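Asks: Dropping the structure in here first, questions after.
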Amino acid sequence: MSSSSSTSNRALKIRVIGPDRVIFEGEAASIQYPGGDGLYGILPGHAPMITTVEPGLLRIKDEGGGQEVIALARGFVSISNNEIEFAVDAGERADEIDLNRAQAAAERAREHLEAGTTGREEYDLVRARYALLRALNRLHTHEVSSHK
Ligand code: ATP
């Protein structure tokens, strides 16, 4: 037999880096992440690839069905030789998420969006939309992790 029998066991090396820290480093059997054009599932042996990352949930799965979840903001991911490196503008492991802060951020962003474009640069609305997505994703990530 070749060494391929080991490929189902945490064969992926994962690093998630933010602007000022390593958010996660470890191994996985598979992952699922929010790419710019939808969810991507990655197994060992995936072809080299670079994609964008949008606010959403990164699932880091082990071979037994367990998973760690991380809230990602925006960024990029590169996949090569079973090594997966995320570079994101923010990210939190589920146990790091401050729920009150995320709720307050979601409320602020909603108020901005409801105020509409009048007197506001369009870019402000794009920022408010992403702030809302980040906040809702933090709340969702916490929710998912507490039901694991
Ligand atoms: P806020 O308005 O509350 O600052 P934000 O979405 O603008 O939220 P980011 O710019 O995405 O915040 O993140 C700035 C830093 O704060 C990052 O290090 C991020 O991990 C952290 N952070 C933001 N919101 C939370 C939260 N609810 N819980 C834990 N860390 C958070």
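FYI, it's all coordinate maths here, none of it is from the lab. Because the structure is a prediction, the values reported are computed rather than measured. Cβ sites come from the backbone with ideal geometry, for glycine too, and all protein chains shown count toward neighbours.
Asks: Of all the stretches in the chain, which is the longest one without any exposed loop site, taking GluC sites (Glu not before Pro) in a DSSP loop (any state but H, G, I, E, B) with at most 16 other Cβ atoms within 10 Å? Could you put the intermediate results ahead of the total?
Replies: Numbers: sites that count: 63, 121.
Of all site-free stretches, the longest is 1-62.
Asks: So how much slack lies between residue 43 and residue 20, counting 0.36 nm per residue of separation and subtracting their Cα-Cα distance, in nm?
Replies: Gain on extension, residue 43 to residue 20, equals 5.5 nm.
Asks: How large is the dipole of the chain about the Cα centre if only Lys and Arg carry +1 and Asp and Glu carry -1, each at its Cβ, rounded to the nearest 20 debye?
Replies: 120
Asks: May I ask for the angle, rounded to the nearest 10°, between helix 99-114 and the longest principal axis of the chain, with both axes built from Cα atoms and the value confined to 0 to 90°?
Replies: 50
Asks: Continuing with this model, one more query. Could you tell me which of rounded, prolate or oblate describes the stretch 23-148, using a ≥ b ≥ c as the square roots of the eigenvalues of the alpha-carbon gyration tensor, with rounded for a/c under 1.5 and, failing that, prolate when a/b is larger than b/c and oblate otherwise?
Replies: Oblate shape, in that a/c is at least 1.5 and b/c is the bigger or equal ratio.
Asks: Which whole-angstrom value gives the distance between the alpha carbon centres of the stretch 35-62 and the stretch 83-134?
Replies: That distance is 21 Å.
Asks: Sticking with this structure for a sec: In degrees between 0 and 90, to the nearest 10, how far off the longest principal axis of the chain does helix 122-146 point, with axes built from Cα atoms?
Replies: Value to nearest ten degrees: 50.
Asks: Could you compute the net charge surrounding residue 29? Neighbours are other residues with a C-beta less than 15 Å from the C-beta of residue 29; K and R count +1, D and E count -1.
Replies: Net charge in that neighbourhood comes out at -1.
Asks: For 134, 21, 74, which order do you get if you count the other beta carbons within 10 Å of each Cβ and list the fewest first?
Replies: 21, 74, 134
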